[in-house]
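Scroll down for the structure; my scribbles are underneath it.
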């Protein structure tokens, strides 16, 4: 194939945080180009955002409906190949549904959508369409996360017994939403965020990372969910006990009122033979703690790493790779899959490694069960 994969974007206009992250990540490997967008529900803001990105005026749209309806009529040599949805939660479902119905592949920010009913409908649409759907649980893109996953898959840790995953942030320690700060306003609004606050925003990352690395599914959970900032309408702190299908036990903690914390996602996993530990804010190191020998530290870019780890590493050892590169691994893999499909070829399984619609549904089910448990006197609820 002698061209880049063409991306359209919904959301991510002026003043948005995550849209620019998606654009940088998609462009990093030179496989994807942004060709069109509906960057805001406000037509003028969308137009100005398109100007910022040097897009032709005719490819900047006032709404996602307009974009999808016009793009499908364009010559296949110029129309978008997939759409990237980077809106608040309540605006994921309608554009994703329409894009799938019109035959476009989708990359969507997490969580999947606003409620569980929408999640199941999207899953059915993806299944029946045969189209590609990726969810940007970007932390799965880190090389050392993939190394941890491969070590567990190969049995190096033995049977997994215990998981401790935490995601503390401190940015919502005060009533920031009362200042009309954009990111705080929609994330604490049940009309835009859904039934959960912190557990939907970052708790789903912890859940997804846990199931991705271990390969285990949560079978039951017991949650304590709280809104600690007075007047806040959605949870800002949560503690969840986990039971896994193989009998393992776990603890998941997610908080946005952990004063002083930045973005401290971390995970510890213990098997019969060894444990491992990974921290998102120091992502290039994986600590492996053996039962019968000294601890080992695996580093990105060094020898003796798994094929998947090496395939998702761009730089030599000692050259840090981080958040954008992890995000970019998802986009790069999506591009390779779209390209292979268009050419009628098989793609290397290494590059089929990205969160999909099933991960999105799983995350929505987790949110609902956590809130159900947190609001109930019942100790355990089944996933």
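Nothing in this text is a laboratory measurement; each read-out follows from the coordinates by a stated rule. In this text the structure is predicted, and so the values were computed from the model without any measurement. Glycine gets a Cβ as well: all are built from the backbone with ideal geometry, and neighbour counts include every protein chain shown.
Taking 0.36 nm per residue of separation and subtracting the current Cα-Cα distance, fully stretching the chain between residue 342 and residue 51 would add 101.7 nm. In summary, the convex hull built on the alpha carbon positions of the stretch 5-136 has an orientation-averaged projected area of 7.4 nm². Taking the chain as a Gaussian network of alpha-carbon nodes connected by springs under 10 Å, the highest mean-square fluctuation of the residues 344, 215, 301 belongs to 344. The mean sequence distance of close C-alpha pairs (under 8 Å, at least 6 residues apart), as a share of the length of the stretch 5-136, puts its relative contact order at 22 percent.
Students often check this: by mean Cβ neighbours within 10 Å, which of 103-109, 45-51 ranks highest, and how do the rest follow? Write out the running numbers ahead of the final one.
Values: 103-109: 22.6, 45-51: 19.0.
So the order, starting with the most tightly packed, is 103-109, 45-51.
Beta-bridge orientation, the chain: approximately 60 percent antiparallel, per DSSP, counting only bridges with both partners inside. Among 275, 200, 155, the residue with the largest mean-square fluctuation in a Gaussian network model of the chain, with springs joining Cα atoms closer than 10 Å, is 155.
The distance separating the Cα centre of the stretch 340-362 from that of the stretch 318-332 comes to 18 Å. Based on Cα contacts under 8 Å between residues 6+ apart, the stretch 22-71 shows a relative contact order of 33 percent. Treating r as the C-beta distance of residue 17 and residue 358 and R0 as 30 Å, the FRET efficiency rounds to 0.65.
Using the average count of surrounding beta-carbon atoms within 10 Å as a protection proxy, the listed peptides 369-378, 290-299 rank, highest first, as 369-378, 290-299.
Full extension of the segment from residue 241 to residue 58, taken as 0.36 nm per residue of separation minus the current Cα-Cα distance, would add 60.7 nm.
Helices in the chain, meaning DSSP H runs of at least 4 residues, each add -39500 (n - 2.57). Divided by all residues, the mean residue ellipticity at 222 nm is -10000 deg cm²/dmol.
One chain, two ends: residue 294 and residue 66. Fully extended at 0.36 nm per residue, the span grows by 76.1 nm beyond their Cα-Cα distance. Relative protection proxy for 15-28, 69-82, from highest mean packing down: 15-28, 69-82 (other beta-carbon atoms within 10 angstrom).
Derived from the Cα gyration tensor, the three semi-axes of the equivalent ellipsoid of the chain are 33, 26, 19 Å, largest first.
Using C-alpha pairs below 8 Å separated by at least 6 residues, the relative contact order for the chain is 19 percent.
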